[in-house]
Amino acid sequence: MSGPLRVLVIGAGPGGLCLAHALRREGVDVAVYERDASAHGRQQGYRLRVSPDGEQALRDCLPERNIGLLAATAGSWRDHEIAAYDEHLEAQWAPPLGDPRPDSAELISNVDRITLRQVLLGGLEDTVRFGKRFTGLEHDHGRVTAHFADGTSDTGDVLVAADGSRSRVRAVVRPGDEPRDLGVRTVFARIPRERAHAGGLAEVLQDRFTYVIGKQGHLGLMPMIFRTRPDVAGHTWPELRLEPAEDYYLGVFNIHREDLSISDSALHALSGTALRDLVLEHTANWHPALSEVFHHAEADSTFLAPLRVVPEVQPWEPGPVIGLGDAIHAMPPSGGVGANAAVQDARTLAAELTALARGELGLTDAVERYQREMAGYAGASVELSLRIARWSMKKLDLDEPDGGAR
Ligand SMILES: Cc1cc2nc3c(=O)[nH]c(=O)nc-3n(C[C@H](O)[C@H](O)[C@H](O)COP(=O)(O)OP(=O)(O)OC[C@H]3O[C@@H](n4cnc5c(N)ncnc54)[C@H](O)[C@@H]3O)c2cc1C
């Protein structure tokens, strides 16, 4: 390396943005490139569970101001009241309804994904460039050049693939490393809490984290109850323009593609309204309290995702292109740990790249050390996610002798 270390990050998800904060704090030159046109306008907000390890990693990466705003807008509800039912609303495991535990204003145990992104962007205005879709890269004399769809490019010493489970960077440098399709199709929806309660959501389902394991399909309901509404808490940092958001439930419906009477391509073409109707159709024979849950869903925030996994976290060739978060260890959201692993990656990689920038380590050592540590917690996170997915879904393509290859 001839001059100071320059790091290019592709993707402004939780992993990429936390990495940028942690590197900037250490004075490392970093630029983040994001394909979205801006920080605003995404409909697919959903609730993210933050584990204690994830919370610690956020605290280690972020400036105090960002952490303060994240805590202020975090969910006040904690995952301590989890109940499981079958489709007849027979309790498989349901503790008696009790008073919620007292909230602690500093704890960050669940956050809204859109709010998280907007809070993470605070302080990175000159670091993140929107409207930059990565298309390819080149190596030249130990440096990496990233190319973008708008014809521009940038060159750095290191390029971090933080571009998610369908990573374009991974497709370029490790074709064939695509995460495996588990065969499960998931419909996610935001269900406004006030509307659901006014519409008669059964009391046993209110403000609880509920799993319903049906014979065909699995339904989940997870509350996002803001400690302070983001647009209100955001007055302390007006430049961020935190978007208004009401309390909601994240509604999830998982079904194996073999149990659907629609082809995959037709399924992917469905609108939010049609996806909501599909869930209603598949839960029509369930207990009425359960079959009505998706009636309350907002159509424009209802979306589909196939569940994918990298069953074993594989280190990449140690060098200037480094995988982070879902780009290297995609996992189903069943464990609520993917984003937590991504922010732990950010903390771990930032420490190694800082040592590299200071000349305390060479590039190969830095990347190997990062990947060794990452393989431990990320591997455990993948295992946990698969264990919960197996428990709730019974049928995953991964479990078939041919690995689900079709
Ligand atoms: C409904 C749902 C619920 C979930 N719940 C939880 C939970 O409770 N807890 C948890 O820990 N995890 C959860 N997850 C998983 C979590 O969202 C992911 O693991 C996490 O977002 C991964 O972070 P990342 O930074 O690696 O990638 P991402 O968040 O996927 O971010 C990647 C970024 O890269 C950008 N990008 C993609 N391609 C390009 C390109 N070519 N050029 C430039 N930019 C590009 C994308 O626009 C995006 O902004 C959930 C996922 C879903 C879908």
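When only Cα pairs under 8 Å and 6 or more residues apart are kept, what is the percent relative contact order across the chain? Please list the in-between numbers first.
Working: 826 pairs, mean separation 90.9, N = 406.
This gives 22 percent for the chain.
For region 163-209, what Kirkwood radius comes out of the mean inverse Cα-Cα distance, in Å?
Numbers: mean 1/r = 0.0687 Å⁻¹.
It is 14.6 Å.
Which of the chymotrypsin sites (Phe, Trp or Tyr not before Pro) found in region 54-148 are loop residues per DSSP with 16 or fewer other Cβ atoms within 10 Å of their Cβ?
On the way: sites: Trp77, Tyr85, Trp93, Phe130, Phe134, Phe148; in loops: Trp77, Phe130.
Listed in order of number, the matching sites are Phe130.
If you roll a 1.4 Å probe over region 6-399 with all protein chains in place, what percent of the accessible area is carbon or sulfur?
That share works out to 49 percent.
Hey, can you rank 338-345, 149-156, 370-377 by average C-beta count inside 10 Å, highest first?
338-345, 370-377, 149-156
On a straight-distance basis, which aspartates and glutamates could pair with Lys394 in a cross-link, Cα separation under 16 angstrom, same-chain partners fewer than 8 positions away excluded?
Result set, ordered by chain and number: Asp86, Glu87, Asp181, Glu258, Asp259, Glu383.
Would you mind working out the accessible area per residue for region 6-399, using a 1.4 Å probe, and quoting it in Å²?
With the other protein chains kept in place, region 6-399 gives 41 Å² per residue.
Of all DSSP beta bridges located in the chain, what percent are antiparallel, nearest 5?
Values: 42 of 61 bridges.
Antiparallel bridges: around 70 percent, rounded to the nearest 5.
Extending each Cα 7 Å along its Cβ direction at Ala37 and Ala284, get the distance between those two points in nm, one decimal.
Reported label-point gap for Ala37 and Ala284 is 3.9 nm.
Only Lys, Arg, Asp and Glu count, each charged at its Cβ (+1, +1, -1, -1), so figure out the dipole size of region 263-406 about its Cα centre, rounded to 20 debye.
220 debye
Under 5 Å between amide H atoms, partner at least 5 residues away or on a different chain: which partners does Val32 have, H built in plane at 1.01 Å?
Val9, Val128, Arg129
Under a crude label model (7 Å from the Cα following the beta-carbon direction), how far is Glu246 from Thr273 in nanometres?
Once both label points are built, they end up 1.9 nm from each other.
Which value, in debye to the nearest 20, gives the size of the charge dipole of the chain about its Cα centre, when Lys and Arg are +1 and Asp and Glu are -1 at the Cβ?
It comes to approximately 240 debye.
Can you tell me the order of 353-365, 209-221, 3-15 when each peptide is scored by its average per-residue count of other Cβ atoms within 10 angstrom, highest first? Don't jump to the answer; show the numbers that get you there.
Numbers: 353-365: 16.5, 209-221: 20.8, 3-15: 23.4.
Packing order, densest peptide first, comes out as 3-15, 209-221, 353-365.
Using the Karplus equation 6.51 cos²θ - 1.76 cosθ + 1.60 (θ = phi - 60°), what ³J(HN,Hα) coupling, rounded to whole Hz, does each residue of region 270-287 give in order, writing x for Gly and Pro?
Result, rounded to whole Hz: 5, 6, x, 5, 5, 5, 4, 5, 4, 5, 4, 5, 7, 10, 4, 8, 7, 3.
³J(HN,Hα) across region 185-201 via Karplus (A = 6.51, B = -1.76, C = 1.60, θ = phi - 60°), whole Hz, x for Gly/Pro?
After applying 6.51 cos²θ - 1.76 cosθ + 1.60, I find 10, 10, 9, 10, 8, 8, 10, x, 5, 5, 5, 5, 5, 5, x, x, 3 Hz.
Do me a favour and compute the ellipsoid semi-axes for region 6-399 from its Cα gyration tensor, root of five times each eigenvalue, largest one first, whole Å.
36, 24, 19
Using +1 at the C-beta of Lys and Arg and -1 at the C-beta of Asp and Glu, which of Val160, Ala72, Gly122 has the Cα lying farthest in the positive direction of the dipole of the chain?
About the Cα centre, the residue reaching furthest to the positive side is Gly122.
The values are calculated or read from the model by the stated rules, or taken from the named source; none is laboratory data. Here the structure is a predicted model, which means the values were calculated and not measured. All Cβ positions, glycine included, derive from the backbone under ideal geometry; neighbour counts span all protein chains shown. The accessibility values were calculated without ligands, DNA or RNA, using every heavy atom of the protein model including side chains. Shrake-Rupley method; radii C 1.70, N 1.55, O 1.52, S 1.80 Å.
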